[in-house]
Structure formats: structure tokens, C-alpha cells
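No lab work stands behind these numbers, since they all come straight from the coordinates. Bear in mind that the values here come from a model prediction, so they are computed numbers and not experimental data. We place every Cβ from the backbone using ideal geometry, glycine too, and count neighbours over all the protein chains shown.
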Amino acid sequence: SDFFGEAITFVNDIDESLITSIDKSIQIPCSNQNAAAQHDIAKAVESFDGMALCIVSRGASNLHTGNDGDGPDAKAMHSSAMTWSELLRCASVWNDGNGQITSPMLAVAAVAPLLAQGGKDYVHRIDKLLSATQSPTPGTPPSLWKVANYAASFRDAFISGTDDDVATPLLTPRERFHLHALSMLIQNNHRCAMGAYLRLLELYPGDLLGLSLALDVAYSLGDGEAARAAATNVSTYWSERDGGTLRLHPAQSGQTLASSLVAVGLSSSSALSRAATAETLVEMALSRDPDGAGGTSVWALSNIL
């Protein structure tokens with residue numbers, strides 16, 4: 001699982017004859033190459049965690065300090081780029097379309113924020129820039145568009161059992177919601193992607209990556225009410241895990257980041273009562289972790305003011 005306790009699926013060397021899809025138009029590319037032993041899952045999860053923290057906190061928290069861990073806690077400006085670079089390398093290895101391996105959530109973290117904020121033309125532009133770079137490893141530079149499409153092709157994939165009538169989804173329900181939203185973003189259909197994220201947050205309110213992406217899509221659409229809906233879908237969940245009204249339990253990982261993201265969503269609404277609640281959440285988040293929650297808290301405060 002990742003830093004926030006959510007599952008990440010890694011598919012290693014699955015027989016292509018056992019993989020089926022509800023949508024027969026989806027062709028899942030597989031080959032007979034067995035490269036699973038060459039890929040480090042622990043390193044991939046670490047790169048995912050670093051980027052997820054970077055996305056959720058808007059660059060304020062990640063696993064790189066920019067100076068090898070020495071010196072003050074303040075993060076260097078280039079540390080977010082380092083985090084994304086590591087994840088992109090892992091995502092392209094696991095989702096290159098040339099083997100019987102995949103980990104779609106790596107592609108989601110690497111590409112979905114770009115599609116949510118800039119659309120597919122922006123991703124094509126980045127791919128053009130990447131194609132002109134020199135890769136530190138042999139082979140062609142990674143393609144965000146190729147990685148995203150390959151990962152999205154597993155959205156409705158099932159694994160056939162010994163009994164032809166029994167089939168098991170290849171991915172978890174949460175991952176399938178993420179891939180549905182990713183496939184919509186690939187088509188520049190932000191409105192349908194917003195619906196997928198809202199449903200995801202109803203069923204998995206602890207998914208901070210999903211909340212962050214939902215807010216990105218809502219702002220791309222200029223839909224403050226959608227941002228508010230995303231926040232209200234998860235607010236009770238995080239309030240209870242912060243000890244509830246009586247504060248009977250200690251806060252869990254990501255609590256401060258969750259509070260500031262919920263504040264962003266609530267502050268997007270025109271209702272004054274929502275703004276007051278958002279301001280309270282921002283003050284609490286900044287008192288607990290001004291460095292980690294600083295970016296999203298400033299975002300919320302700019303909406304409030």
C-alpha cells in the first residue's frame with residue numbers, strides 16, 4: 001500500500017490468454033517477455049508516495065529535500081521535479097506497453113494532474129519536449145501519452161479463472177475509478193472525469209490523491225460547486241479520524257493535508273458559512289504543519305479573502 005494506506009496493484013507476468021475486458025474494443029497489449037525480476041516494486045511505491053505527497057500538498061511535502069537530507073527542512077525548488085522524474089521513470093517501465101506488467105496507479109500519479117490542469121494538448125507538448133531530451137538509461141524517452149493510454153486500457157480488465165463463468169477484476173475498485181477518470185481526461189472530457197472523482201470520493205473518502213485531482217478538475221471547469229461537493233464527500237470521514245468532536249483518537253497520516261484540501265473545496269463555494277468553516281480548518285492545519293499544509297492553505301485563504 002501507499003503512504004496513505006491505499007492499495008497499489010502491480011501486475012507481473014500474467015498470461016495474456018487469461019486477461020479479458022468488458023469492452024471488447026479495448027486491446028490490452030501483452031507479450032511473452034518476462035521482465036518482472038528487473039523491476040523493483042519497493043522503489044516504484046516510494047516514487048509514487050513521493051509524488052502523491054507532492055501533488056496533495058502542492059509541492060510542500062515530498063520525500064526529497066533537495067540536499068540529500070542535510071540542512072533545514074525547507075524543500076528546494078527543484079525537489080518536486082526530482083520526485084516527478086523518478087515517478088515518470090517507474091511509470092514508463094511498468095506501463096511501456098511492451099510486456100506483461102503494469103501498475104496503472106503509477107501512470108495516474110504521473111499524468112492525471114497534467115491532464116486535469118492542462119488537458120491533452122499540454123501533455124502532447126510535454127511529450128514533445130521529453131522527446132528532445134537525452135535519457136540517462138538506454139532507450140527512447142518516456143511518453144506521457146503512451147503511458148496514460150496503456151494504463152487506461154486496464155480499466156475494465158478481468159482475470160479469467162479455471163471456470164469460464166468466474167472472472168476477477170484485475171484492479172481494485174478504487175483503481176478502476178481512477179482509470180475511468182483518467183480515460184475521460186485523455187478525451188478532454190473533464191465533466192465526466194469530475195463525476196468519476198465525486199463517486200470515487202463517496203466510496204473512498206480517504207483517497208487524498210483523488211480529492212486533489214477532483215479539485216484540479218473542478219477548477220479547470222470553473223465549477224466551485226463541484227469542488228465543494230468533493231470536499232463535503234470526505235469532510236465527515238476526516239473529521240472522525242481526527243478524533244471527532246470529542247477528540248478521542250489521535251489524527252492519522254495525512255490529516256493536516258486533508259484538512260487544508262477540504263478547506264480549498266469549501267472555500268470554493270459562495271456560501272459565507274462554508275468560508276467560515278474553511279478558515280477554521282486552515283488555521284488548524286497551519287498550526288499543526290505550516291510547511292506541509294502551507295501551499296493548500298494559501299490556496300484556500302485566497303478563495304476566502
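If packing is taken as the mean number of other Cβ atoms within 10 Å per residue, what is the order of 196-204, 149-157, highest first?
Ranked by mean Cβ neighbours within 10 Å, highest first: 149-157, 196-204.
Between Phe158 and Asn189, take the C-beta separation as r, use R0 = 35 Å, and let me know the FRET efficiency to the nearest 0.05.
0.90
Could you sort the peptides 166-174, 233-241, 121-129 by per-residue average Cβ neighbour count (10 Å cutoff), highest mean leading?
Taking the mean over residues of other Cβ atoms within 10 Å, the ranking is 233-241, 166-174, 121-129.
Please label the shape of the stretch 82-131 as rounded, prolate or oblate, based on the square roots a ≥ b ≥ c of the eigenvalues of the alpha-carbon gyration tensor (a/c under 1.5 means rounded; beyond that, a/b larger than b/c means prolate, else oblate).
Prolate, since a/c reaches 1.5 and a/b exceeds b/c.
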